[in-house]
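For reference, the structure discussed in these notes is given below.
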Number of protein chains: 2
Amino acid sequence: MQIAILLYDNCTVLDAVGPYQTLGPLPGAETVFVAEQTGPVLDDNRSLSLVAAKSLAEVTRPDIVIVPGGPDPDVRNEAVLDWLRTVDAASTWTVSVCTGSLMLAAAGLLDGRRATSHWTTLDRLTEFGAEPSRERVVFDGKYVTAAGVSAGIDMGLTLAGRIAGDEHAQAVQLMIEYDPQPPYDAGSPSKAPAALVELISGAPVPGR
Amino acid sequence: MQIAILLYDNCTVLDAVGPYQTLGPLPGAETVFVAEQTGPVLDDNRSLSLVAAKSLAEVTRPDIVIVPGGPDPDVRNEAVLDWLRTVDAASTWTVSVCTGSLMLAAAGLLDGRRATSHWTTLDRLTEFGAEPSRERVVFDGKYVTAAGVSAGIDMGLTLAGRIAGDEHAQAVQLMIEYDPQPPYDAGSPSKAPAALVELISGAPVPGR
């Protein structure tokens, strides 16, 4: 089983690493990081490069393809969109985290499908014909989309359970000691202080 | 403010990325990834390299130093231990995730201090004179240790709040949409099925 995780300039590291850490241990799986060119790819905080081991042309039939997000994913990059359409044609699961769903949608892969994204960009899914959902992890057929950044961990464990069973996924959860205890309860726009939501989204929060 | 995150062969990516994603946005902060040599450093799943931008010799006075863990951290690597002692002498915060605390302890920095680690290695802290704690995030003076892998996210948000205030940390939590919804409740040895805990730790679970 091959898992391909796409990298591109300005992507968010945790979007890629959450699924890597949770799906990488699947029995018999090999994970490959792939980008337009091989070599280091700089993240959106401009301080960390992840290395793409393979170019797009070298990865043609992954079983699972995973697209991380970033603050401004290039939904007009035809080389990447073409590759997404190609690998999706043979994939078992086509997956995104955060704004990665905008790239899947821009490639035409989420037409009429339910999908999620980072909360600040959820509405943009409709531009590309997808149906936005506020759930943290959305399954629609073989398409699996996760909400912003850290949601890739919950998505990865959920998908690992579907593929390899609950016991395997629980073992992964125990190995990464994923027993979350956030010091605040501000991780979604429905829970964070309204002033913060407005500051980050640039829009008023209805009814709050 | 400089944040230095140590990389070494066979370290666990999420251990480094959790703090990076949560502490990197601190106001005025610059994050640098550092290793014995600059260049790509391969992770414990052997599929992803993170790039160290600086060598140990180039990073001498970080304000925050962060040590990720891995399945077998080299607690006898004198070059790294020497560097840890050097940077700790001037750091504001000295931090670890997962088994990274064993390296801090091996460097002699946790003598008589409360600390945590990955649940499978917690007892080993006593070999180096530290006092193991089962808490997920442990503060003892300027020393901050997190439990296994994903605990680095909770640690990073907690420390971000201490440094820059609750509102800043909540904004970070909202940006990374950290509203955890794990599909299982198996993320700690006290919650996971006893059979799994025994399988992973290689030891029977008392009283279960």
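The values are calculated or read from the model by the stated rules, or taken from the named source; none is laboratory data. This one's a predicted model, so the numbers in the text were calculated from it and none came from an experiment. We place every Cβ from the backbone using ideal geometry, glycine too, and count neighbours over all the protein chains shown. Surface areas here come from the heavy atoms of the whole protein model, side chains and all, with no ligands, DNA or RNA. Shrake-Rupley method; radii C 1.70, N 1.55, O 1.52, S 1.80 Å.
Could you tell me which of the residues B:Leu102, B:Leu42, B:Leu81, B:Leu56 is closer than 16 Å to B:Thr145 by Cβ and not polar (S, T, N, Q)?
B:Leu102 is the lone residue from the list that is closer than 16 Å to B:Thr145 by Cβ and not polar (S, T, N, Q).
Residue-wise test of (1) open to solvent by 10 Å² or more (accessible area, probe 1.4 Å); (2) within 14 Å of chain A (Cβ to nearest Cβ).
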| site | (1), (2) |
| --- | --- |
| B:Gly18 | no, yes |
| B:Ala29 | yes, yes |
| B:Ala52 | no, yes |
| B:Ala106 | yes, no |
Expected single match for modelled with pLDDT of 95 or more and more than 28 Å from B:Thr22 (Cβ to Cβ) among A:Gly152, A:Gly100, A:Gly129 is A:Gly129
Counting only residues that are part of a loop (DSSP other than H, G, I, E, B), within 21 Å of A:Gln170 (Cα to Cα) and either of a type in the set (D, E, K, R) or over 17 Å from the mean Cα position of the chain (by Cα) (or both), how many does the stretch A:1-60 have?
6
Using the structure shown, decide if B:Asp123 is in contact with a strand residue (DSSP E or B) (Cβ under 8 Å, 6 or more places away or on another chain), closer than 19 Å to B:Asp63 by Cα, more than 8 Å from every other protein chain (Cβ to nearest Cβ) and open to solvent by 20 Å² or more (accessible area, probe 1.4 Å).
no
Taking the stretch A:156-170, which residues are at the interface with chain B (Cβ under 7 Å from one of its Cβ atoms), open to solvent by 10 Å² or more (accessible area, probe 1.4 Å) and either among the hydroxyl-bearing types (Ser, Thr, Tyr) or in contact (Cβ under 8 Å) with a residue 40 or more places away in the chain (or both)?
A:Thr158
Give the stretch B:134-154 a look and list any residue that's open to solvent by 10 Å² or more (accessible area, probe 1.4 Å) and more than 7 Å from chain A (Cβ to nearest Cβ), or say none.
B:Arg134, B:Glu135, B:Val137, B:Phe139, B:Asp140, B:Gly141, B:Lys142, B:Tyr143
